[in-house]
Amino acid sequence: MSRLIFFLTIFLLPGCAKPLPEITEIDLQQWKADRHGCNGYRENTSETFLNQKEKLLGLSENQILKLIGKPDAAELYKRNQKFYYYALSADSTCNSPSGLSKKLSLRFNATGLVKEVTTE
């Protein structure tokens, strides 16, 4: 019995994860490198990216990190929910004159999957 559980855990469960989607017309390496939107790449490609934001729904936290990189900010919320924020335009850390930044917000549910993708 323990061999069966071991087999299922090691070989079958990793295959159950949703595959990483392809975000088209965007260089994701440049996206990841444009921390806080300081270089302008995220701002220049934000419309293209936002047209594909539904592809992020259902992805795990690890898949999001692999696909679009570390968030610019994160927030823990009640009931084990988590939010990741990605600046789409230069934020206050870039010495932006306005200090206001458009950002992508990902809400993870208690099971660690993206439940909602919005812009603020």
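Spin-label point model (7 Å from Cα, Cβ direction): what's the THR93 to GLN29 distance in nm?
Modelled inter-label distance: 2.2 nm.
Around ASN39, under 14 Å between beta carbons, what's the net of Lys plus Arg minus Asp minus Glu among the other residues? Show your work: numbers first, answer last.
Details: positive: LYS32, ARG35, ARG42; negative: ASP27, ASP34, GLU43, ASP72, ASP91.
With Lys, Arg at +1 and Asp, Glu at -1, the net is -2.
For region 18-77, state which chymotrypsin sites (Phe, Trp or Tyr not before Pro) are in a DSSP loop and have at most 16 other beta carbons lying within 10 Å of their beta carbon.
TYR77
Scaled to the compact-protein estimate 2.2 N^0.38 Å, what is the alpha-carbon radius of gyration of region 27-119, rounded to two decimal places? Intermediate values should be presented prior to the final figure.
On the way: Rg = 12.8 Å, N = 93, 2.2 N^0.38 = 12.3 Å.
Rg over 2.2 N^0.38 Å, computed on Cα atoms: 1.04.
Among residues other than ASP91 whose Cβ falls under 13 Å from its Cβ, what is the net charge (Lys/Arg +1, Asp/Glu -1)? Numbers along the way, then the final one.
On the way: positive: ARG35, ARG42, LYS102, LYS103; negative: ASP34, GLU43, ASP72, GLU120.
My count for the surroundings of ASP91 gives 0.
FYI, it's all coordinate maths here, none of it is from the lab. Not measured: the values here are computed from a predicted model. Here Cβ is always computed from backbone atoms with ideal geometry, including for glycine, and neighbour counts include all displayed protein chains.
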